[in-house]
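Heads up, the thing below is written out as structure tokens.
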Amino acid sequence: MLKVKGITGEQQTAVDTFLQKHDLHIDGEIKVIAHAKNGWMLERDDGGDYVVYIGKPVHLFRVLSILGGQAIPIPKRISEDCSFNSLALSIDVSQGNCVLRVETIRDLILYLAAMGYDRLFLYSEDSYPLGKYPYFGHMRAQYTIEQLSEIDDFASSFGIELIPCLQTLAHFTSVLRWQPFKNMAEDAATLLVGADETYDFIEEMVASASRIFRSRYIHIGCDEAWNLGLGNYFFKHGLRPKSYILKEHLDRVLGIVKKYGLTAMMWSDMFFRLETPQVREEYCVPPTGHFSEATIKSVPRDVQLVYWEYIRDEESVKERLNLHGELTDNLAVAGHIRNNRSVGSNYSLTFRATGDMMRACKDYGIPDVIATIWGDDAPESNIYAALLGMQLFAEYQFQKDPDKDSVYSAFRRCVQAEPEDFFALTFFDEIPQVHGGVGNQNAHNPSRWLLWQDPLLGLFDANISGLALDEHYREQAVRMRSAAERNTRFRDIFRYYQLAAEVLSKKATLGLELYDAYETSNMSTLSEL
């Protein structure tokens, strides 16, 4: 039986919950000592007891996962240093018109603790209540204040800081559709800069977050405001430079943030868009190769910028990190576990893009890294399918340049499942005849449009002619059935994926078969189909 000394009663409860969840049986005694170094060190004495030095409370749980996952005795001393000041996971609980159950987030926190994450963001557009605005989140899934407080308390007991991640400029399509918000609308998705109603609304959001969460950090969003200054703002004030409008808005928003004693972070893409407003490319390099003085002056000094990068190679990431250096000396970087817009998960792209991004971040000394899981356009994939990606990010925190084998080994220890089966979710969208050995690097998602297209219309049938996707998805169904048998914790999830693959094996080529039979007047085949 394990005895832990040097921790609070709340932490002891978390340890007991953690050991039970992961079915870990550790004998002996552990003495926990906090130290200033960002990392941990474990020493074992001759009697089999341990002393663990931890830089952050969550490091204790990574140590416990290692102790419980070792088939052979560990060395007398082992340690891991952190590559970044913080490692966060951001989960989208808005764009898919669903929120994860509280018990699901609690369960995910137990995995995050084992991996060593110290921050968690819940990306929320309108999935929390605002008492003064009853139409905020109307007819949409929401958490209650009590539920958010419960999640915050649970995360804190494991040393994971729950940080509110809101929007304060764009991404308000679900809100601005309602009449009570019309006076604060720039367009269908963007708040109207300069309107007093806008800042009353934002203050209510910030005040609510300040009351609910113990963290003194807040993410204020401000990304993808495509038509800033071109809607109702234009009709009120005429044409003004976007840099002027953005600075006007941020000055007022950050004034509110400071009023409630919070420190802000925000997405950085709008500053790139100021230079190339006519280009839809994300983080397009300015035509001159540098930012204009107006753009640089529009960046607040007291906010951390967050550069989100989900697909580029290492050299392209470094180019944009260099450009960010013209804007700020306080930068975080967010990568992506590609679990969205697909029935499965694209791990070929996730592994390649994460490796390129993380190596660039380490070279540039980036302090804070975030792994994102998005739910835009409604998710068919399951949140647990992203666990392998979570482990990938964690190993870049604790290892210099982890290879796939080391990530897989850590995954077996922390998740107690077979990583190959999670990686196989890639083949819902990765077609060997199309993508070859490099994998699905362009994030094609045939599983989605083949699942939903009308077989009597066949809008996308020309894309798959000659690819034998019926056979491909039959093979995927076999993989998923085997995965369900191997991974008892995730049997129901892999069973879902098995059924999805079986449907696709019958539906993917149905339109082609119907058309061929119709063209040849093969009435028996048409009748059968």
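Can you list, largest first and rounded to whole Å, the semi-axes you get for segment 94-187 by taking the square root of 5 times each eigenvalue of its Cα gyration tensor?
On the way: eigenvalues 167, 32, 24 Å².
Semi-axis lengths for segment 94-187 are 29, 13, 11 Å.
So what are the radius of gyration and Dmax for the Cα set of segment 1-158, in Å?
Using the Cα atoms of segment 1-158, the pair Rg, Dmax is 18.4, 64 Å.
Please report the net charge: other residues with Cβ closer than 11 Å to the Cβ of Asp45, K and R +1, D and E -1.
Details: positive: Lys31, Arg44, Lys76, Arg77; negative: Glu29, Glu43, Asp46, Asp49.
Net local charge, Asp45 excluded: 0.
Apply the Karplus parameterisation 6.51 cos²θ - 1.76 cosθ + 1.60, with θ equal to phi minus 60°, to every residue of segment 381-392 and state each ³J(HN,Hα) to the nearest whole Hz, in sequence, with x for glycine and proline.
Rounded to whole hertz, the list is 7, 9, 4, 5, 5, 8, 4, 5, x, 4, 5, 4.
Could you give the C-alpha radius of gyration of segment 303-409 expressed as a fraction of 2.2 N^0.38 Å, taking N as the number of residues it contains? Provide the component values of the computation, followed by the final result.
On the way: Rg = 13.9 Å, N = 107, 2.2 N^0.38 = 13.0 Å.
Against the compact-globule rule of thumb, the ratio is 1.07.
Near Lys3, which lysines are there with a Cα under 27 Å away, not counting those fewer than 8 places off in the same chain?
Straight-line reach from Lys3, under 27 Å: Lys21, Lys31, Lys37, Lys56, Lys76.
For Val303, which sequence-distant residues (separation of 5 or more, or a different chain) have an amide H within less than 5 Å of its own amide H, given hydrogens modelled in the peptide plane?
none
Tell me what the chain gives for mean residue ellipticity at 222 nm when only DSSP H runs of n ≥ 4 count, each as -39,500 (n - 2.57), the sum divided by the residue total, rounded to 500 deg cm²/dmol. Please list the in-between numbers first.
Values: 21 runs with 226 residues, N = 529.
My calculation for the chain gives -13000 deg cm²/dmol from helical runs alone.
Summing +1 for each Lys or Arg and -1 for each Asp or Glu, what net charge is found among the other residues whose Cβ lies under 11 Å from the Cβ of Ala88?
Numbers: positive: Arg119; negative: Asp118, Glu161, Asp368.
That works out to -2.
Just to be sure I understand the model, the point goes 7 Å from the Cα along the line to the Cβ. What's the resulting Glu282 to Ala34 distance in nm?
Label at Glu282, label at Ala34, 3.7 nm between them.
Length gain on complete extension for the stretch Lys297 to His237, per 0.36 nm per residue less the alpha carbon to alpha carbon distance? Let's see the in-between values first.
Numbers: separation 60, 0.36 × 60 = 21.60 nm, distance 2.12 nm.
This chain segment gains 19.5 nm when fully extended.
Please find the FRET efficiency linking Gln399 to Asp200, where r is the Cβ-Cβ separation and R0 is fixed at 45 Å, and quote it to the nearest 0.05. If you can, show how the numbers build up before the last one.
Numbers: r = 48 Å, r/R0 = 1.06.
According to the calculation, E is roughly 0.40.
Quick one: grab Rg to one decimal and Dmax as a whole number for segment 185-263, Cα atoms only, in Å.
Rg and Dmax of segment 185-263, Cα atoms, are 13.3, 42 Å.
Please state the relative contact order of the chain as a whole percent: Cα pairs under 8 Å, 6+ residues apart? Write out the running numbers ahead of the final one.
Details: 905 pairs, mean separation 60.6, N = 529.
Relative CO of the chain lands at 11 percent.
What percentages, rounded to whole numbers, describe P(r) for the chain computed over all alpha carbon pairs with 20 Å bin width beginning at zero?
20, 51, 26, 3, 0
Whole-Hz Karplus ³J(HN,Hα) for segment 277-291, in order, using 6.51 cos²θ - 1.76 cosθ + 1.60 and θ = phi - 60°, x for Gly and Pro?
Ordered by residue, 3J(HN,Hα) equals x, 8, 9, 8, 5, 6, 6, 5, 5, x, x, 7, x, 9, 7 Hz.
Among Ser156, Gln167, Leu192, which residue has its Cα positioned farthest towards the positive end of the charge dipole of segment 139-263, with +1 placed on the Cβ of Lys and Arg, -1 on the Cβ of Asp and Glu, and the dipole taken about the Cα centre?
Of Ser156, Gln167, Leu192, it is Leu192.
Given a 1.4 Å probe, how much area per residue of the chain is accessible, in Å²?
Accessible surface, normalised per residue, equals 42 Å².
Skipping prolines and chain starts, which residues have an amide H placed within reach, meaning under 5 Å, of the one on Gly39, given they are 5 or more residues away or on another chain?
HN-HN under 5 Å from Gly39: Gly55, Lys56, Cys82.
Tell me which residues come under 5 Å, amide H to amide H, from Tyr128 once H is placed; ignore anything under 5 positions away on its chain.
So Tyr128 has HN proximity to Tyr143.
Show which lysines lie in cross-link reach of Lys318 when reach means a straight Cα distance below 22 angstrom and same-chain residues fewer than eight apart are skipped.
Within the straight-line cut-off, Lys318 pairs with Lys362, Lys400.
Rg/Rh for segment 199-353: what does it come to with C-alpha atoms and Rh from Kirkwood?
Across segment 199-353, the Cα-based Rg/Rh ratio is 0.99.
Output the relative contact order of segment 321-455, whole-number percent, from Cα pairs under 8 angstrom with separation of 6+ residues.
Numbers: 170 pairs, mean separation 43.2, N = 135.
That works out to 32 percent.
Roughly how far apart, in whole Å, are the Cα centres of segment 196-221 and segment 394-425?
With segment 196-221 and segment 394-425 each reduced to a Cα centre, they are spaced 37 Å.
What does the net charge come to around Ser447 if you take all other residues with beta carbon closer than 11 Å to its beta carbon, with K and R at +1 and D and E at -1? Working shown, then result.
Numbers: positive: Arg341, Arg448, Lys507; negative: Glu380, Asp429, Glu430.
Neighbour charge sum, excluding Ser447 itself: 0.
Can you compute the modelled spin-label distance between Lys362 and Lys182, with each label point 7 Å from Cα toward Cβ, in nm?
Simple spin-label model gives 5.6 nm for this pair.
Counting just the Cα atoms, what span does segment 320-373 cover along each of its three principal axes? Round to the nearest Å and put the largest first.
The Cα atoms of segment 320-373 stretch 39, 17, 16 Å along their principal axes.
Work out how much length Ala141 to Glu10 would gain on full extension: take 0.36 nm times their residue separation and subtract the Cα-Cα distance, in nm to one decimal.
Values: separation 131, 0.36 × 131 = 47.16 nm, distance 3.07 nm.
Between Ala141 and Glu10, full extension yields 44.1 nm more.
How large is ³J(HN,Hα), in whole Hz, for each residue of segment 341-349 in order, when computed from phi with the Karplus curve 6.51 cos²θ - 1.76 cosθ + 1.60 and θ = phi - 60°, using x for Gly and Pro?
Values, residue by residue: 6, 7, 6, x, 9, 9, 7, 4, 6 Hz.
At 1.4 Å probe size, with the rest of the protein present, what percent of the exposed accessible area of the chain is carbon and sulfur atoms?
Numbers: 11410 of 22390 Å².
Its accessible area is 51 percent carbon and sulfur atoms.
Please tell me the relative contact order of segment 1-143 in percent, rounded to the nearest whole number, where contacts are Cα pairs under 8 Å and at least six residues apart. Show your work: numbers first, answer last.
On the way: 207 pairs, mean separation 28.5, N = 143.
Worked out over segment 1-143, it gives 20 percent.
State, in angstrom, two size descriptors of segment 3-58 derived from its alpha carbons: Rg to one decimal place and Dmax to the nearest whole number.
Considering segment 3-58 through its Cα atoms, Rg and Dmax are 11.6, 31 Å.
What FRET efficiency comes out for Glu528 versus Gln433 if R0 is 30 angstrom and r is the Cβ-Cβ distance? Round to the nearest 0.05. Provide the component values of the computation, followed by the final result.
Numbers: r = 27 Å, r/R0 = 0.90.
Efficiency computed from Cβ-Cβ geometry: 0.65.
Any chance you could list P(r) for segment 82-132, counting all Cα-Cα pairs in 5 angstrom bins from zero, rounded to whole %?
Bins of 5 Å from zero give 5, 17, 23, 23, 15, 10, 5, 1, 0 percent of pairs.
The values are calculated or read from the model by the stated rules, or taken from the named source; none is laboratory data. Given the structure is predicted, the values throughout are model-derived calculations rather than measurements. Every residue, glycine as well, gets a Cβ built from its backbone with ideal geometry; the counts of neighbours run over all protein chains shown. Quick note on the areas: whole protein, heavy atoms, side chains included, nothing else; ligands and nucleic acids left out. Shrake-Rupley method; radii C 1.70, N 1.55, O 1.52, S 1.80 Å.
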